[in-house]
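Reviewing the structure listed below.
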Amino acid sequence: MKYNRIAVIGLHEEEYQYIREHFEGLIIWHQSVPKIKVLDGILYVEKPQGVGMLPVDKVIYHGIFENDLDFISGLALWNGPCFPNAYGMMECRLKIPCLVKAMKFSEFSSPRGFISEGAYVKTDTEHVAKWGNWHCGENKHKFSGSWESTEDAVLEPYFEGEAVRILHIGGKSWQIKLEGETWLKSIHPAQVRFMDIDEGLLRDTLNLKERIGMDLIANDYIVCGDGTRHLLEINHIPNITRFEEIRLHFLDTVVSWIHEEEGG
């Protein structure tokens with residue numbers, strides 16, 4: 001390490017403290033996106049207190065913020081050690097372009113449509129419109145018949161089935177059954193649980209991880225009653241606190257990455 005200083009961005013205090021306990025160098029910690037600059041190949045990050053910026057050797061980033069795409073792109077322009085790598089995050093930050101990329105490579109792609117803000121659509125079958133870039137299970141609407149969109153949105157058939165997530169971090173994978181009291185499913189309800197891994201879904205997830213250039217990935221799929229499977233979306237910053245096993249593995253992966261890179 002040239003400066004013996006890293007930046008931890010987006011993680012909550014408990015996760016920051018874990019990294020703090022396992023790294024003897026200096027840490028700049030921000031829970032939201034800080035100001036940065038890249039000059040002569042060096043990344044400078046805003047101080048947590050006071051005025052000015054300090055150079056850092058590497059960045060750990062785990063968060064989704066409303067206007068963070070340019071920030072992530074700045075990290076990619078720096079092209080220094082970042083976990084997850086900034087290029088992969090940049091490729092997946094916007095949901096619609098990310099879905100288009102994923103459909104090119106996924107073996108479980110399904111045809112999608114698109115509707116502009118203010119346009120009407122009429123369909124005799126149930127469809128789901130999805131818009132926005134929050135990756136948080138919101139901004140979705142199920143409909144049939146006539147509907148006017150208030151946003152630019154992707155249209156997909158409504159797939160009836162079991163919602164699952166394949167999560168891969170640091171060489172380890174999990175399959176999680178997503179739950180919810182309505183047709184909307186997420187990782188947050190109490191009854192969410194681990195499942196045996198579907199090898200086809202895992203293969204697809206790892207292929208997309210490599211194709212897009214990601215260090216960690218969480219893909220959401222629907223498994224229909226007849227066994228057909230459909231990719232729904234890619235999560236570039238997956239939830240890591242819902243299960244303690246995943247949280248600790250994520251943190252151990254981050255700490256190992258810091259020390260592996262110390263000589264770089």
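The values are calculated or read from the model by the stated rules, or taken from the named source; none is laboratory data. Source: prediction; values computed, not measured. Cβ atoms come from the backbone with ideal geometry, glycine included; neighbour counts cover every protein chain shown. Note: accessible area is taken over every heavy atom of the protein model, side chains too, but ligands, DNA and RNA are not part of it. Shrake-Rupley method; radii C 1.70, N 1.55, O 1.52, S 1.80 Å.
Quick notes
- Within segment 184-208, the residues that satisfy the criterion of being open to solvent by 30 Å² or more (accessible area, probe 1.4 Å) and either of a type in the set (A, V, I, L, M) or part of a helix (DSSP H, G or I) (or both) are Leu184, Ala190, Met195, Ile197, Glu199, Arg203, Leu206, Asn207.
- Checking each residue in segment 102-129 for being closer than 18 Å to Lys185 by Cβ, touching a residue at least 60 places away in the same chain (Cβ under 8 Å) and touching a Lys or Arg at 6+ places or on another chain (Cβ under 6 Å) picks out only Phe108.
- Within segment 49-62, restricting attention to residues that are at pLDDT below 95 and not hydrophobic (A, V, I, L, M, F, W, C), the residue that is nearest to Asp215 (Cα to Cα) is Gln49.
- Residues that are touching an Asp or Glu at 6+ places or on another chain (Cβ under 7 Å) and in a loop (DSSP other than H, G, I, E, B), drawn from segment 22-55: Val33, Pro34, Lys35
- Any pair with Cβ under 9 angstrom, 6 or more apart, that starts in segment 188-212 at a residue that is touching a residue at least 12 places away in the same chain (Cβ under 8 Å) and ends at one that is in a helix (DSSP H, G or I) and among the charged types (D, E, K, R): Phe194/Glu245; Leu208/Lys101; Arg211/Lys101; Arg211/Lys104; Ile212/Glu91; Ile212/Lys101
- Scanning segment 114-133 for residues that are part of a strand (DSSP E or B), of a type in the set (Ser, Thr, Tyr) and either crowded, with 16+ Cβ neighbours inside 10 Å or in contact with an Asp or Glu (Cβ under 6 Å, 6 or more places away or on another chain) (or both) yields a single hit, Tyr120.
- Beta carbons closer than 7 Å, at least 6 apart along the sequence or on distinct chains, pair a first residue in segment 36-48 that is surrounded by fewer than 18 Cβ atoms within 10 Å (Cβ to Cβ) with a second that is hydroxyl-bearing (Ser, Thr, Tyr) for Lys37/Tyr44.
- Residue match in segment 210-222 (condition: closer than 18 Å to Pro84 by Cβ and among the β-branched types (Val, Ile, Thr)): yes
- So Val154, is it closer than 23 Å to Arg247 by Cα, within 19 Å of the chain's Cα centre (by Cα) and surrounded by 15 or more Cβ atoms within 10 Å (Cβ to Cβ): no
- Single residue of Ile19, Ile64 found to be assigned to a loop (DSSP other than H, G, I, E, B) and in contact (Cβ under 8 Å) with a residue 60 or more places away in the chain: Ile64
- Residue that is surrounded by the most Cβ atoms within 10 Å (Cβ to Cβ), among those in segment 134-151 that are out of contact with any Lys or Arg (no Cβ under 7 Å at 6 or more places or on another chain) and either touching a residue at least 60 places away in the same chain (Cβ under 8 Å) or hydroxyl-bearing (Ser, Thr, Tyr) (or both): Ser149
- Selection within segment 162-178 - surrounded by fewer than 20 Cβ atoms within 10 Å (Cβ to Cβ), in a strand (DSSP E or B) and in contact (Cβ under 8 Å) with a residue 40 or more places away in the chain: Glu162, Lys172, Trp174
- Count - residues of segment 240-264 that are over 14 Å from Asp215 (Cβ atoms) and modelled with pLDDT under 95: 4
- Candidates are the residues of segment 1-35 that are surrounded by 16 or more Cβ atoms within 10 Å (Cβ to Cβ) and more than 21 Å from Ile64 (Cα to Cα); the one that is modelled with the lowest pLDDT is Met1.
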